[in-house]
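Step one of this worksheet: look at the structure below.
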Amino acid sequence: MQFQQLLYFVAVAETRHFTRAAERVHVSQPSLSQQIRALEKELGAELFSRARGNIALTDAGEALLPLARRILADADTARIEVQELAQLRRGRVRLGATPSLCTGLLPDVLRDFHDRHPGIQLLIEEGGSHDLVRELARGALDLALVVLPLPPGSPALRTVELIHEDLVVVSAATEPAPGTDGRVHVRDLRDAPLVMFRHGYDLRELTVAACRAEGFEPVFTVEGGEMDAVLGFVRAGLGIAVVPSMVATRAGRDLRVTPLARPGLRRTIALAHRSDVDPPRAARELRRVLLGVGA
């Protein structure tokens, strides 16, 4: 049983005329009649009573008609849904990002994307770069914003550098300003009480590595938090923290932002996806928007 045969059958059933049915479906009348006969042969029953000048449905035809209409309607619905997906009217994007990027970069970008494509569902997963790389590898994410360089032994991913971001020091506005002359040197962190992120956080690893390069181990007053918790502990006067500049600009007036003295600390954010699989259409569109941020 072919889709085309059902289309011809419904046309004859609705027009009760083979010639008019052939005109409706844009096929010659002999071809239409041949396909109807082939359908009847396959089903083992006549579908039409062909009295001269009168085309009527048989009992078998009456039974087939609602089923054929449903099949054709389902096929039309499938066509429309696929077209809508292709045209970005519907779909889903699974995006991974570090918590600092969810706080700093993504709100404006995702608002812009949603305004353009309100039918696209956005699923965001927060995590460290190590975790996000694993999720990309197993196909749980379409795209991820990760910090370069990738962890050793990472799977084959295609990455594009997106932004280079300075790190800054945040402290409670009610506490004395850290550092001297409006700047903080990494060496100034030797005796400073630090509020530190949990293990596996890219910012933790970067900060600790910078301190060790200066010959000392940093002292943590509080450790183990995510971005919002770290900022909250700093506001409470428990210590200072090294955070991305994008996060600091959104932190509010109750936090003081102090730049790091040259050469400072920077991180490189890249957009990554699996190299062996093309992202879905909606994900490719979000990728284009994100790459525009770093242009």
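Each Cα pair under 8 Å and six or more residues apart adds its separation to the average, and for the chain the resulting relative contact order is 21 percent. Annotation: per residue accessible area for the chain equals 52 Å², rounded to a whole number [probe 1.4 Å, protein chains only]. Treating each Cα of segment 190-236 as an identical point scatterer and summing with the Debye formula, the log10 of I(q)/I(0) at q = 0.18, 0.30, 0.32 Å⁻¹ comes to -0.51, -1.16, -1.22. Within the shell defined by Cβ-Cβ distances under 14 Å, the residues around A63 carry a net charge of -2, with Lys and Arg each +1 and Asp and Glu each -1. In a reduced charge model with +1 at each Lys and Arg Cβ and -1 at each Asp and Glu Cβ, segment 55-144 shows a dipole moment near 80 debye about its Cα centre. Radius of gyration over Kirkwood radius for segment 102-221, both on Cα atoms: the Rg/Rh ratio is 1.04. Computed on the Cα trace of segment 98-164, the radius of gyration divided by the Kirkwood hydrodynamic radius gives Rg/Rh = 0.98.
Taking the C-alpha atoms only, the angle from helix 281-293 to the longest principal axis of the chain is near 30 degrees. The largest-to-smallest principal axis extents of the Cα set in the chain are 104, 39, 31 Å. This model, with +1 at the C-beta of Lys and Arg and -1 at the C-beta of Asp and Glu, gives the chain a dipole about its Cα centre of some 800 debye. Over the C-alpha trace of segment 1-65, radius of gyration and Dmax come out as 10.5, 28 angstrom.
The distance linking segment 160-218 with segment 117-131 is 28 Å (Cα centroid to Cα centroid, whole angstrom). The Cα trace of segment 158-249 gives Rg and Dmax of 13.1, 45 Å, the first to one decimal, the second as a whole number. Please list log₁₀ I(q)/I(0) at q = 0.11 Å⁻¹ for segment 1-134, using the Debye equation with identical point scatterers on the alpha-carbon positions. Treating every Cα as an identical point scatterer, log10 I(q)/I(0) equals -0.58.
The values are calculated or read from the model by the stated rules, or taken from the named source; none is laboratory data. Being a predicted model, the structure only gives us computed values, none of them experimental. Glycine gets a Cβ as well: all are built from the backbone with ideal geometry, and neighbour counts include every protein chain shown. SASA here: full protein model, heavy atoms, side chains in, ligands and nucleic acids out. Shrake-Rupley method; radii C 1.70, N 1.55, O 1.52, S 1.80 Å.
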